[in-house]
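Below: the structure, in structure tokens.
Nothing in this text is a laboratory measurement; each read-out follows from the coordinates by a stated rule. No experiment lies behind these values; they were computed from the predicted model shown. Glycine gets a Cβ as well: all are built from the backbone with ideal geometry, and neighbour counts include every protein chain shown.
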Amino acid sequence: MLRINITVCIGSGCHVKGSRGIINILQGYIAENEAKIEIKLKACFCQGHCTEGVVVKFNEEIVTNITKDNIIDELEKRLDI
């Protein structure tokens, strides 16, 4: 089974740029794929990249400029799907 930890910044800058919508998309993805992928989804505050769009950490890799349009592609890239 594939496993990944995802942490989405919900600090004020990321919140304004749509982190809540990204969390909602990830929750839907988790529900649809829970049989084959173990995803631990967490929220955090500032990651120090406030001017670079929503910040998401995949395991220990920090990725900036995440949007509702690219979150699933970025996740699947890290899962090799």
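Anisotropy class assigned to the range 1-48 is oblate, per the alpha carbon gyration tensor with a/c at or over the 1.5 cut-off and a/b no larger than b/c.
Angle of helix 19-33 to the longest C-alpha principal axis of the chain, folded into 0 to 90 degrees and rounded to 10: 0°.
Close amide H partners of VAL54, meaning residues 5 or more places away or on another chain with modelled amide H under 5 Å apart, are ASN65, ILE66.
For the chain, the number of Lys pairs separated by eight or more positions or lying on different chains, with C-alpha atoms closer than 18 Å, is 11.
Note on GLU34/THR64: beta-carbon distance plugged into 1/(1 + (r/R0)^6) with R0 of 22 Å gives a FRET efficiency of 0.20.
Looking at the chain alone, DSSP beta bridges between its own residues are antiparallel in about 45 percent of cases. Entry note, the chain: the mean residue ellipticity at 222 nm calculated from DSSP H runs of n ≥ 4, each adding -39500 (n - 2.57), is -10500 deg cm²/dmol after division by the residues and rounding to the nearest 500. Applying a 4.7 Å Cβ-Cβ cutoff to the chain leaves CYS44, CYS46, CYS50 as cysteine residues with no disulfide-compatible partner.
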